[in-house]
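Okay, structure first, notes after.
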Ligand SMILES: Cc1cc2nc3c(=O)[nH]c(=O)nc-3n(C[C@H](O)[C@H](O)[C@H](O)COP(=O)(O)O)c2cc1C
């Protein structure tokens, strides 16, 4: 059973809160009511208590309430906080962060999603103060339903009527629904971080990849329900939770781990794999000899992990996503890579030092597919990951 904490403020639409409680109970949800002082002028605690089959809370400083359930606990005990009706006054208090009665204190203390159903005279609703308050509440993630337009109790006409209880119930149930998990039952391989290519047992060639983007992608895919195998080069970012992590060092180890993790529904190759490794890597530490020339390092190509896994065959994942980190001719190079490597998507980013992308917190990418090029705005790497995970889910369903 989901629990709703319903705050009823002092508006004429408070009578509709009674119908809302009845609908919520009928749909199997638990309801606890908080009534403002002025709300108590419109509906009685007795009606709320009878319909919700629960104690009604009114006083911030009620000793009994504090011993039974303090205001902090009250603000956290529900799955969702709903304000219906939400008066101009309570919306202004929420926007300003005031906490001068039980309702506003609960709203400031809650860690749960909040839905408001504004209800007021049309002038009050259209007043720049109310509109500015609504804007700042929306920016903070407060959900809003209504108000509707129509005839009002005050004989005026316009926006300001509280939404009808069935519509509020629908909005509540959308917010209470468990998050969509479109990748449930899917297996996705993600590579992340740099590779280290040994010169000798203590020295290696590496690159500046931090693993932040690849790890964020693994976390975003797991959040959509995927079983994620994250194959990571040496990084210092923490392991994402709910993901199976395999640590590797070199490109060859990364390829082996990818092949061992198949079959998969999708594979995302976000790791910055070294293109070359040292051909003549030494088994022992190369000694500096007085007067001797510096050792010459001969490089040979590493296996191409993206092209190997994306090549047609029975084990090819249905969707293969490659990354193109370029400093020049980004789009042309990325489009070439899409075709040459047989990938389905290429995520292209400009890693010139002035972009601050390599190792940074943000990324600005283009998503390239057979359908064309999509340019995404510069976003936090987590936000890029969430968008990409959603696109992968779309492509697999
Ligand atoms: C008859 C009557 C009806 C009212 N209806 C509303 C209303 O629909 N919306 C609103 O924002 N304020 C309305 N008010 C004004 C609020 O009751 C007043 O702003 C009050 O301070 C709100 O307190 P609260 O937000 O703590 O409940 C009404 C006042 C009266 C006397």
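The values are calculated or read from the model by the stated rules, or taken from the named source; none is laboratory data. Model, not experiment: these values are computed from the prediction. Neighbour counts run over all protein chains shown; Cβ positions are idealised from the backbone, glycine included.
Count of the range 303-330 residues, restricted to those that are part of a helix (DSSP H, G or I) and either touching a strand residue (DSSP E or B) at 6+ places or on another chain (Cβ under 6 Å) or buried (at least 19 other Cβ atoms within 10 Å of the Cβ) (or both), is 5.
From the list 12, 21, which residue is part of a loop (DSSP other than H, G, I, E, B), closer than 24 Å to residue 170 by Cβ and touching a strand residue (DSSP E or B) at 6+ places or on another chain (Cβ under 9 Å)? Don't jump to the end; show me each part of the working.
Values: 21 fails: part of a loop (DSSP other than H, G, I, E, B).
Going through 12, 21 in turn, just one is part of a loop (DSSP other than H, G, I, E, B), closer than 24 Å to residue 170 by Cβ and touching a strand residue (DSSP E or B) at 6+ places or on another chain (Cβ under 9 Å): 12.
Report yes if some residue within the range 111-126 is without any contact (Cβ under 8 Å) to a residue 12 or more places away in the chain and either surrounded by fewer than 19 Cβ atoms within 10 Å (Cβ to Cβ) or assigned by TED's automatic domain parsing to the domain that holds residue 37 (or both); otherwise report no.
Keep residues of the range 111-126 that are without any contact (Cβ under 8 Å) to a residue 12 or more places away in the chain, which gives none.
No: zero hits.
Checking residue 57 against (1) free of Cβ contacts under 8 Å to residues at least 60 places away in the same chain; (2) surrounded by fewer than 21 Cβ atoms within 10 Å (Cβ to Cβ): exactly one of these is not met. Which one? Evaluating residue 57 over (1) free of Cβ contacts under 8 Å to residues at least 60 places away in the same chain; (2) surrounded by fewer than 21 Cβ atoms within 10 Å (Cβ to Cβ) leaves (2) as the failure. Within the range 64-120, the set of residues being under 26 Å from the mean Cα position of the chain (by Cα) and in a loop (DSSP other than H, G, I, E, B) comprises 77, 78, 79, 97, 110, 111, 112, 113.
Check whether at least one residue in the range 73-85 is surrounded by 15 or more Cβ atoms within 10 Å (Cβ to Cβ), within 14 Å of the ligand (Cβ to nearest atom) and farther than 26 Å from residue 2 by Cβ, and report yes or no. Among the residues of the range 73-85, not one is surrounded by 15 or more Cβ atoms within 10 Å (Cβ to Cβ), within 14 Å of the ligand (Cβ to nearest atom) and farther than 26 Å from residue 2 by Cβ, which makes the answer no. Kindly indicate whether any position in the range 129-145 is surrounded by fewer than 13 Cβ atoms within 10 Å (Cβ to Cβ), part of a loop (DSSP other than H, G, I, E, B) and modelled with pLDDT under 95. There is at least one residue in the range 129-145 that is surrounded by fewer than 13 Cβ atoms within 10 Å (Cβ to Cβ), part of a loop (DSSP other than H, G, I, E, B) and modelled with pLDDT under 95.
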